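The values are calculated or read from the model by the stated rules, or taken from the named source; none is laboratory data. All values derive from a computational prediction rather than experimental measurement. Quick reminder, even Gly has a Cβ in these numbers, built from the backbone with ideal geometry, and neighbours come from all protein chains shown.
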Amino acid sequence: MKKKKNKDYNIDRLLDSLPTTLLLINRQKRIIEANPEATKFLGENIESKTIDEVFNCSEEEIFDKVFEGGTIERREIELEDRIIGFSASPLYNNENEIEGASIILRDITEIKEMEEELRKKDRLAALGEMVAGMAHEIRNPLASIKVGIESLSFDEEKNEKASRYKSIILKEIERLERIVNDMTVYAGEKPLNKQKVNLQHLINQTLMMFHQEMNERNIEAKNIYQGELDCMVDRDQMITVLTNLLLNAIHSIGKDGLIEIRTKEKERDLMIEIKDNGVGIPEKVLSKIFIPFFTTKSEGTGLGLSIVNRIIRNHNGIIQASNWEKGACFFIAIPKGF
């Protein structure tokens, strides 16, 4: 195999013309050349720095292989909030001695995020299949138990203890039925049935469903709409999203509070922000709230926010949860779709 040689042609012109991010380093790992793409990528004034300083890397042996005549292929390193992929090859002089190395860099952050998203979808698909089977196996015996308990006959006034136990059992059966129903909704992913929807109208209609409960709890809703807010979405699934988020806000507040809903139109997306002045989300669980079956509620199934997350992602949108100074905040960005 013929070795590469650093010949006397115009190396500056070659480096400038390359669309690839390229660095040349000497044996002391100091950068001696950086093409324009590299300075755009890593910042100005990187020449004369060592590659360890630029990469903020403490692995002293990372380039030993190259200086021994080998190559590095598809190595990855974290640089601030980015993931950088790089390859390196030795540079030879006219006497076939290794003088340094050439390094090609590429920002692969988005690729890594896409790979993680695909892995997550595969895991969720497998989980969905398991959940569908479990829900089917649980529902039938649960219905039989409910019928059996309801058919028990005794004088409830005379046997107060038995009556109380019967009431507790039926209440727990209803809770199990809610869990099974949520499992079924989560497992039974439906194709999107998109239609033109006005987001302002959809939010107002959803709020009407909670009008009485919010009045009883003395919870006020404040709506701030900006733009026309038309989009192509699955209407029923978006109602599911809004219903879950509003229920969370109501339960977080309890009584005497405010839910603030802001919507804004941008060039290609619509933004939805739902804030409440309730108890907020504990910081230690903030990163887990969209995980299936994770819940901090004694009567929750842990599937509501997972379903919301999946619906938004199926619409090619994003959803984020955070705390603000007075409570919890959910932010959604979703494409208009036309």
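Quick look at the numbers
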item: Only listed residue being at pLDDT 80 or above and surrounded by 11 or more Cβ atoms within 10 Å (Cβ to Cβ), chosen from LEU124, LEU170; result: LEU170
item: Any chance ASN96 is part of a loop (DSSP other than H, G, I, E, B) and at pLDDT 80 or above; result: yes
item: Those residues of segment 289-338 which are in a strand (DSSP E or B) and over 18 Å from SER252 (Cβ atoms), in sequence order; result: ILE318, ALA333, ILE334, PRO335
item: Residue tally, condition without any contact (Cβ under 8 Å) to a residue 12 or more places away in the chain and small (Gly, Ala, Ser), over segment 259-292; result: 1
item: Pairs where the first residue, in segment 115-128, is under 17 Å from LEU305 (Cβ atoms) and the second is modelled with pLDDT of 70 or more and in a helix (DSSP H, G or I), C-beta under 8 Å, 6+ apart; result: LEU124/ARG310
item: Given (1) touching a strand residue (DSSP E or B) at 6+ places or on another chain (Cβ under 6 Å); (2) surrounded by fewer than 20 Cβ atoms within 10 Å (Cβ to Cβ), number of the condition GLY327 does not satisfy; result: (2)
item: VAL66 aliphatic (A, V, I, L, M), touching a helix residue (DSSP H, G or I) at 6+ places or on another chain (Cβ under 8 Å) and not in a strand (DSSP E or B); result: no
item: Which numbered condition GLU273 misses (of (1) within 22 Å of the chain's Cα centre (by Cα); (2) of a type outside the set (A, V, I, L, M, F, W, C); (3) at pLDDT below 95); result: (3)
item: Filter result for the condition that a residue is out of contact with any Gly (no Cβ under 9 Å at 6 or more places or on another chain) and not polar (S, T, N, Q), over ARG164, ARG217; result: ARG164
item: First in segment 205-228 and assigned by TED's automatic domain parsing to the domain that holds ASN277, second anywhere and part of a helix (DSSP H, G or I) and hydrophobic (A, V, I, L, M, F, W, C), Cβ under 6 Å, 6 or more apart; result: THR206/ILE239; THR206/LEU242; PHE210/LEU246; ILE219/ILE253; ALA221/LEU207
item: Test: ARG75 is modelled with pLDDT of 80 or more, over 30 Å from ARG178 (Cβ atoms) and in a strand (DSSP E or B); result: no
item: Out of VAL197, VAL180, VAL241, sole residue that is in a helix (DSSP H, G or I), among the β-branched types (Val, Ile, Thr) and over 22 Å from the mean Cα position of the chain (by Cα); result: VAL180
item: Whichever residue in segment 88-108 is surrounded by 15 or more Cβ atoms within 10 Å (Cβ to Cβ) and without any contact (Cβ under 8 Å) to a residue 60 or more places away in the chain and, among such residues, is farthest from LYS40 (Cα to Cα); result: ALA88
item: Any chance GLU283 is among the acidic types (Asp, Glu) and at pLDDT 85 or above; result: yes
